[in-house]
Amino acid sequence: MKITTIGYWGAYPEVNEATSGYLLQSDDMNILIDCGSGVLSNMQNHIDLLELDAVILSHYHADHMADIYSLQYAIRILMDLKKREKPLYIYGYKKDKKFETLNYHHYTVACPIDENSAIKFGNLTCTFRENVHADPCFSIRVEKEDKAFVYTADTGWSDELIKFSHKADLLICEASLYNENYGIVSGHLTAGEAGKIAKMAEVRHLVLSHLPHFGEHEQLLKQAKENFNGKIELAQTSKTWDL
Ligand SMILES: [Zn+2]
Ligand SMILES: [Zn+2]
């Protein structure tokens, strides 16, 4: 499987960039994980919207789904023009009014996820674990044969997440805060905590995402490295990993 960073900013995108969005590709499946602000535009640097099969939303905060409604219009236009035949499947948490808005005529179809779901996309299997966050939010684990990738979306410290991320080949973990900001915002991790989760979960490779608009990001890297001595990097637009 191939994972491409479409956007990694927390809250709002910097110029020409995007908030959370990662493109997951395997064989002929193209799945977008989170659809934040700026993602719809940036994703088209990598795939044609005709080729997008599904979107998985970790939760309904705007920095993870702001572009979903424009994406619905795009699918509508492509289908009305007969360029695209299949609807777009949008996966999200059901116990929230926003779930219903993922249905859009026959153009997009809302599909529920919860902790018991194991969704198959070709030879990929996606499972979910609820995070510690202001509103329901899910970490997503994607497995293909002996490879595993975990995307945390937004979360505070969670022992469950350590188990859920166990031995992942790639962990894209939120690091919204510097260590010195610990406790100022609940439901988010410091870089040091992200490093600690990576170490305790024995992951191979850690990527810090959902980055803040203040301070020096290199400092996040340094703080995570104090707890984790595996491969580690900051998320970067258009960066791709092959597992
Ligand atoms: Zn959130
Ligand atoms: Zn967020």
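Please treat every number below as a calculation from the coordinates, not as lab data. Owing to the predicted nature of the structure, the values given are computational and were not obtained by experimental measurement. Don't worry about glycine lacking a Cβ; one is built from the backbone with ideal geometry, like all the others, and counts go over all protein chains shown.
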Where labels lie 7 Å past Cα in the beta-carbon direction, separation of LYS167 and ASN116 in nm: 2.7 nm
DSSP bridge pairs, the chain: antiparallel proportion in percent, nearest 5: 55 percent
Euclidean distance between Cα centres, the stretch 177-230 to the stretch 67-132, Å: 30 Å
Highest-MSF residue in the chain out of TYR107, TYR91, TYR73 [GNM, Cα springs under 10 Å]: TYR73
Calculated log₁₀ intensity ratio I(q)/I(0) where the Debye formula runs over C-alpha points of the chain, q = 0.11 Å⁻¹: -0.51
Whole-Hz ³J(HN,Hα) from phi, Karplus 6.51 cos²θ - 1.76 cosθ + 1.60, for the stretch 191-200, glycine and proline x: 4, x, 5, 4, x, 5, 4, 4, 5, 5
Distant-in-sequence amide H partners of CYS137 (H built 1.01 Å from N, under 5 Å): ASN131
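Restricting to DSSP H runs of at least four residues, report the calculated mean residue ellipticity at 222 nm for the chain, -39500 (n - 2.57) per run over all residues, nearest 500 deg cm²/dmol.
Working: 6 runs with 48 residues, N = 243.
-5500 deg cm²/dmol, from helical runs alone.
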Close Lys-Lys pairs in the stretch 117-218, where close means Cα under 15 Å and separation is 8 or more or interchain: 8
